[in-house]
Amino acid sequence: MKGILSHDEADKCLDVLEETYPDAKCELEHKSPFELLVATILSAQCTDVRVNKVTEEMFKKYNKPEDFANMDIKTLEGLVKECGLYRNKAKNIKASSNVILEEFNGKVPETIKDLMKLPGVGKKTANVVASTCFGVPAIAVDTHVFRVSNRIGFVSENNVEKTEKALENKIDRDRWTKAHHLFIFHGRRCCTARSPKCQACPIKDFCRYYEET
């Protein structure tokens with residue numbers, strides 16, 4: 001068993017993933033930073049497909065901070081109920097909307113530090129919004145990024161925080177955001193949690209997991 005991938009191996013592996021998934025991008029539908037913020041909050045323990053189904057209708061009528069800040073909490077809970085954990089998500093969307101209006105002049109903050117001042121916004125959500133909407137280099141580590149990066153051998157860590165830091169050290173900064181999307185695309189389409197499609201995998205020659213199977 002080899003150790004984790006070297007920097008050069010990781011770079012080449014990302015090259016193959018880019019060739020395989022040239023359209024890799026954020027799959028949460030949005031037309032503004034605020035819409036992506038709301039969608040990302042809703043995506044916790046919920047699929048992007050289901051979130052997009054919910055927000056497609058909701059954003060037709062409600063898509064600005066003031067819409068949610070002034071909304072009755074029970075009404076908001078009803079709108080997002082299909083996404084699960086709806087009481088907590090509704091509370092955070094409403095509270096974040098108020099903070100955006102009161103402390104950020106109605107605009108979604110552009111830095112990871114300021115985004116994390118919003119209720120219910122952790123590092124992963126802040127990274128997603130900052131990198132996707134404002135071009136801030138970041139690697140948001142969700143369940144797919146954590147599984148794929150550790151399984152392939154980019155890193156070997158046992159939690160999200162250590163994985164994010166190790167990936168930042170392994171991958172060139174200008175590839176952080178793209179790498180995040182590539183890991184997610186690969187995790188959803190090939191390197192699934194159960195029964196990964198190893199024989200068809202375009203990066204199996206790099207993969208430490210494949211070596212062991």
Notebook entry, point to check: Quick check: is even one residue across region 91-98 under 26 Å from residue 170 (Cα atoms), touching a residue at least 40 places away in the same chain (Cβ under 8 Å) and not in a loop (DSSP other than H, G, I, E, B)?
Noted result: no
Next item on the list: Report whether or not residue 113 is part of a helix (DSSP H, G or I), of a type in the set (D, E, K, R) and open to solvent by 50 Å² or more (accessible area, probe 1.4 Å).
Entry: yes
Margin query: With the requirement that a residue be over 26 Å from residue 48 (Cα atoms), open to solvent by less than 70 Å² (accessible area, probe 1.4 Å) and free of Cβ contacts under 8 Å to residues at least 60 places away in the same chain, what does region 180-213 give you?
Written below: 204, 207, 210
Margin query: Tell me which helices (runs of 4 or more DSSP H) are completely within region 151-213 and hold 1 or more residues being under 19 Å from the mean Cα position of the chain (by Cα) and not charged (D, E, K, R), or say none if there are none.
Written below: 160-170, 176-189
Checklist line | Residue, least open to solvent (accessible area, probe 1.4 Å), within region 149-179, restricted to residues that are within 18 Å of residue 130 (Cβ to Cβ) and among the basic types (Lys, Arg) | finding: 175
Check: Inside region 1-82, counting only helices (runs of 4 or more DSSP H) that do not spill past its ends, which hold 3 or more residues that are in contact with a Pro (Cβ under 9 Å, 6 or more places away or on another chain) and not assigned by TED's automatic domain parsing to the domain that holds residue 129?
Finding: 7-20
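The values are calculated or read from the model by the stated rules, or taken from the named source; none is laboratory data. In this text the structure is predicted, and so the values were computed from the model without any measurement. A quick note on method: Cβ atoms are made from the backbone with ideal geometry, for glycine too, and the neighbour counts reach across all protein chains shown. In case anyone asks, the SASA skips ligands and DNA or RNA and just uses the protein heavy atoms, side chains included. Shrake-Rupley method; radii C 1.70, N 1.55, O 1.52, S 1.80 Å.
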